[in-house]
Amino acid sequence: MRFECQPGCTECCRQQGFVYLSEADLVRAARFVGMSAARFERKYVYRTRNRLRLRIPRGAHCHFLRDSGCGIHPAKPTQCRIFPFWPELVDKPRAWAKTAAYCPGIGQGPLIQIQSARAQAEEMRQEHPKLYP
């Protein structure tokens, strides 16, 4: 596997879907933007019985997506930080190849050892056990 984020690319942020948060993600992002976790949650997070996810603004993809990239990059959620090393992509070569259709970083940069990719996928499983039972 090869992967390296490409400068200025935000294609992963522009795909349909949700960004799920762990409690640690929520706290880290709130601290980064200078809000309490409770206030950040009221403004940016949708909580269900089983999980947290970022609210999607009408007509946009993410509250934090800027022309220059992620507005909370140093504190971005685990799901965003680990992309494209999600379990469903690392474990399925077809899914990895399909993702390469929109992600210009796949196939670029240094060779990523499969153990490293699997370790990141495992981190995703640990952060979001309800997504990966």
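Bear in mind these aren't lab numbers, they're just calculated from the coordinates by the rules spelled out. None of the values given here were measured: they were computed from a predicted structure. Backbone-built Cβ (ideal geometry, glycine too); neighbour counts: all protein chains shown.
What's the longest uninterrupted piece of the chain once you rule out the trypsin sites (Lys or Arg not before Pro) that are loop residues per DSSP with at most 15 other Cβ within 10 Å?
No qualifying site falls inside 59-129, the longest such stretch.
Can you tell me how much longer the chain between ARG66 and LEU111 gets when fully stretched, taken as 0.36 nm per residue apart minus their C-alpha distance, in nm with one decimal?
Values: separation 45, 0.36 × 45 = 16.20 nm, distance 2.92 nm.
Residue separation times 0.36 nm, minus the Cα-Cα distance, leaves 13.3 nm.
Tell me, what is the FRET efficiency for SER36 and ALA97 to the nearest 0.05, using R0 = 30 angstrom and their Cβ-Cβ distance as r?
Numbers: r = 43 Å, r/R0 = 1.42.
Result of the calculation: an efficiency of 0.10.
Quick one: dipole size for the chain, taken about the Cα centre, charges +1 on Lys/Arg Cβ and -1 on Asp/Glu Cβ, in debye to the nearest 20.
Values: 22 positive and 11 negative charges, 116 e Å.
Dipole about the Cα centre, nearest 20: 560 debye.
Most exposed first by the Cβ proxy, i.e. fewest other Cβ within 10 Å, how do LEU111, LEU131 rank? Show your work: numbers first, answer last.
Details: LEU111 9, LEU131 16.
The most exposed by this proxy come first: LEU111, LEU131.
So what is the relative contact order of the stretch 22-118, in percent, for Cα pairs below 8 Å that sit 6 or more residues apart?
Numbers: 66 pairs, mean separation 20.4, N = 97.
Here the relative contact order equals 21 percent.
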